[in-house]
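> Quick one: this structure, given as C-alpha cells, is what I'll be asking you about.
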Amino acid sequence: QVQLVESGGGLVQAGSSLRLSCAASSRTSSNYAMGWFRQAPGKEREFVAAISSTGGSTGYADSVKGRFTISRDNAKNTVYLQMNSLKPEDTAVYYCAAAAALYREYVAYVASGYAYWGQGTQVTVSS
C-alpha cells in the first residue's frame, strides 16, 4: 500500500503562484510514476501533469503547459506541482496519484492508470 497526502492548496488571486506537495508513506514511491489530476464542481476529474519514477520524463495537459511544472524528490518521497500564472479556471480539488512503473520512463496520462490516490487539496483562484 502507498498512502499519499497532498498539501499546499489555498485561495489566491489570478496571476499568483502556488506549490502543491504530495508526500508518500513508503520508500516504494521511488518505483512509481506519479501524476496530478484535478476536479472542479460538476465536472469530471481531468489530467494535469505526470512524471516518471526517475523524474526523467514529464507530461502536461495543454491547458497548463508553460505554467505548471511537476517535479519529484525521491529521497523525500515527495512529488511537487509548481503552479504559476494561476487562472480562475484552475480552481479545483487537486489530487496526486501513484502508478507502478511498467518500465523506467513510464508515464500514465489517464486516471485508470493509477492505483493509489491522495485525499485532495482545494485550490481556489479568484478573478
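> List the trypsin sites (Lys or Arg not before Pro) within the stretch 12-44 that fall in a DSSP loop (any state other than H, G, I, E or B) and whose Cβ has at most 13 other Cβ atoms within 10 Å.
Those that pass, being in a loop and sparsely packed, are K43.
> What does the charge add up to near S53, with Lys and Arg as +1, Asp and Glu as -1, over the other residues with Cβ less than 11 Å from its Cβ?
Neighbourhood net charge equals +1.
> Might you tell me the accessible area per residue for the chain, computed with a 1.4 Å probe and given in Å²?
Per residue, the chain has 50 Å² of solvent-accessible surface.
> What does the convex hull of the Cα atoms come to per residue for the chain, in Å³?
Expressed per residue, the convex hull around the Cα atoms of the chain is 91 Å³.
> Restricting attention to the stretch 73-121, which chymotrypsin sites (Phe, Trp or Tyr not before Pro) occupy a DSSP loop and are surrounded by at most 16 other Cβ atoms within 10 Å? Could you put the intermediate results ahead of the total?
On the way: sites: Y80, Y94, Y95, Y103, Y106, Y109, Y114, Y116, W117; in loops: Y103, Y106, Y109, Y114.
Listed in order of number, the matching sites are Y103, Y109.
> Among A111, T91, Y80, pick out the residue whose Cα is farthest towards the positive end of the charge dipole of the stretch 70-127, where Lys and Arg carry +1 and Asp and Glu carry -1 on C-beta, about the Cα centre.
With unit charges placed on the Cβ atoms, the residue in question is Y80.
> Indicate, rounded to the nearest 5 percent, the antiparallel portion of the DSSP beta bridges found entirely in the chain.
Of those bridges, close to 90 percent are antiparallel.
> Still on this structure, please answer the following. Among the aspartates and glutamates, select those whose C-alpha is under 18 Å from the C-alpha of K65, and discard any that sit fewer than 8 residues away in the same chain.
E46, E89, D90
> Taking K76 as the anchor, which lysines have their alpha carbon closer than 20 Å to its alpha carbon, excluding any fewer than eight residues away along the same chain?
Partners found: none.
The values are calculated or read from the model by the stated rules, or taken from the named source; none is laboratory data. Computed from a prediction, not measured in an experiment: that's the story for all the values here. In this analysis, Cβ positions are derived from the backbone assuming ideal geometry, glycine residues included, and neighbour counts consider all displayed protein chains. For accessibility, only protein heavy atoms count, side chains too; no ligands or nucleic acids. Shrake-Rupley method; radii C 1.70, N 1.55, O 1.52, S 1.80 Å.
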